[in-house]
Amino acid sequence: MTAIRATEAGGAGMDVPAGAPGPAAPPGGGAGDDERGQGRRRAVLAVVVVALLAAAPLVLNPYPVSAMTRMLAFAVLVLGVDLLTGITGLPSLGQAAYFGVGAYTAVLVGVHLTADATAQVAAALVMGLVAAAVTGWVAVRARGIVFLMLTLAIGESVHQVADTWSAVGGSNGLAGMPPISLFGGPSLIAAGFVHWWVLAVAVAVFAAVALVVRSPYGRTLRGIRDNEARMRALGYRPALARYGVFCLAGAVAGVGGALWAQQARFVSPGDMGFEVAALALLSVVIGGPGSLWGPCLGAALVLLVRDNLSASIGGHGPLVLGAVFIAVVLLLPRGLAGVTASLRRRRGDTTHRAPVRRRKENSS
Amino acid sequence: MATHLVSILNGLAMGSLLFAIALGLSLVFGMMDVLNLAHGAVYLVGAYVAVALVSDTGGVAAFVLAVLAAAVAGALLGGLLAALTRVTAYHLDQALLTLGVGLVVAEVLALAFGTDVHSVTAPAPVDGGVTVLGETYPVYRLLVIGFGVVLAVAVYVLVERSPLGSVIRATVADRAMVAALGVNTGRVLVGVFAAGAGLAAVGGVLAAPILGAQPGLDEKVLLLALVVVVIGGLGSVRGALLGAVLIGQVQALGTALLPEYASFLVFAAMAVVLLLRPTGLLPARTAVHG
């Protein structure tokens, strides 16, 4: 790193509260009472959103319900990416690999062992964790754009293994997964029941990730993101913390993959390719890295664009997506979470603020 | 032994192409801190230029024309990417921008040429085979190996032995210092970006008779180029060469011996190298990137 960039990175730690650490602490700042009121409003909003998602199967047709189920599963993957990219400042293009590992695990368990949904998710969680632990040490030694490069290489390698390995169906993928069941009950065939199961797991993952983000470990991760040298000087071990969050993100992605596979009852290498990883990263960027609800909303938007808009214009999805990537960077510098934060600032705070934005990270 | 010789020669041909492709990626990354995720798409532009211009009869003139056209198209695309990535100073944004451009370019190519696999005929005079140690081997691939050798020497002389090269190497090491010395580093950066992209497109033309052109090839090529750059050491010409030769061999021998795991072997090679040398085999001597 040049001296100039190092200074920039050092300065970033001081003046930049990059991204909201959690739903309760928006970067806009304000009086304490205001914050508490906001927290309550957000809790109410969260309950309303979950209630609406839970009520959806009662009023909607199976097709939109399964589309929403897919969005929830994808949002779980995006939460894992956000743990890395938003919280720890490690942009990843390889998380789709662990998503795929989770999906393949769930299908294999479903075909060969049990239709029990909890067992499938547990197996996928473990396999996602193991896969991330085995491959992740290559990546976590790097930072910034080198990390992106290495995760891309890992992700593509795992993808190509799935694509060529005949034991897991090669490029044809794995079909024939029986419908899931819960606690020895009957098979959940109706889209609504699957939706409720996926929603329950997604909410649990969201809560778990929120807990991690607010824990001392989460603060350590944000400290590493903002100023790694200082954290090391304070006695923390950034490399170990990064490895830990990488494994955790792999486990989260594995759970997302299991949910995805349980909805589709099919998995193919296409579910874990470069495009999926790029879409997950795009969801985080659209939603606002570091916020948790923003990337989930981003996940829903991105899948909506991919599955609906691209189909309605004759299957030219990548063209639209490419344009979206470019537009997001140029028009939405801090994502949706950033837009609401700046709207709030404009309403409350009249003093001019510099754009709150993480500086170019140290990519040594 | 003779079959292994064929694999080794295939690996050298692959290595030559990978060197041409990875060099631009490595230098742009080393100098500008920009990971050009559209690099694979630029390669694919070259491959489809070959599809469009080279006829089935294998005319030499058409092939040379395709090489020149691809170089120009690639350089223009590189210049565009250089301008676009200067909009923002953030790594992640630059990566997403180039990713977006890559997706658009690949999709436009798929719209223009369809999703079929296109094959390209090598120029007629070199389309045959020649006997090497009792095995018949395509002349065209030997020429590609020769191209790699010539390119390596030319780039070595340009980057390591010329005044322009010293500016380029110094810009990799410390852009601010070079700018303070009065060099227009912006122009150097755009020039390297355009040259690197042009080289990738030329690589696409030269690879077309071997690998053909099809959607999805951009991702595969980008991945291989990334691995080459990581193994070789960021921003290093000699590193790109060594990494390309190594990965070319791993790919060719892996495909011959363990076809199911060839793609995994490439990653395993990267993991082993990074385990032993976290900064790559031959990091740029002046590099500041770890």
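The values are calculated or read from the model by the stated rules, or taken from the named source; none is laboratory data. Worth saying up front: this structure is predicted, and the values here are computed from it rather than measured. Methodologically, a virtual Cβ is constructed for each residue, glycine included, from the backbone with ideal geometry; neighbour enumeration extends over all protein chains shown. All accessible areas refer to the heavy atoms of the entire protein, side chains included, with ligands and DNA or RNA removed. Shrake-Rupley method; radii C 1.70, N 1.55, O 1.52, S 1.80 Å.
Quick look at the numbers
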quantity	calculated
FRET efficiency, A:Ala43 to A:Ala323 (Cβ-Cβ, R0 45 Å, nearest 0.05)	0.75
25 °C / 0.890 mPa s Stokes-Einstein diffusion coefficient of the range A:122-206, Kirkwood radius on C-alpha pairs, µm²/s	153
Computed Kirkwood radius, in angstrom, where 1/r is averaged over Cα pairs of chain B	19.2
Whole-number D in µm²/s for the range B:82-219 (Stokes-Einstein; Kirkwood sum over Cα pairs; 20 °C, 1.002 mPa s)	117
0 to 90° range, to nearest 10: angle between helix B:163-173 axis and chain B longest Cα axis	70
Residue-span extension gain [B:Leu276 to B:Val130] - 0.36 nm each, minus C-alpha spacing	48.6 nm
Volume of the Cα convex hull of the protein assembly as shown, divided per residue and given in Å³	159
Computed accessible area, B:Ile145, all protein chains, 1.4 angstrom probe, square angstrom	30
B:Met177 - accessible surface, heavy atoms, 1.4 Å probe, Å² rounded to 10	110
Per-selection Rg to Rh, the range A:161-230 - Cα, Kirkwood hydrodynamic radius	1.23
Prolate/oblate/rounded label for the range B:200-290 (Cα gyration tensor, a/c 1.5)	oblate
20 Å cut-off, amide nitrogen to a point 7 angstrom out along B:Thr3 Cα→Cβ, residues in the range B:122-150	B:130-138
Hull-based mean projected area of the range A:61-272, where the convex hull spans the alpha carbons, in square nanometres	11.4
Top of B:Val105, B:Val49, B:Val237 by mean-square fluctuation, Gaussian network on chain B, Cα under 10 Å	B:Val105
Ellipsoid equivalent to the range A:42-113 - semi-axes via the Cα gyration tensor, in Å	26, 22, 10
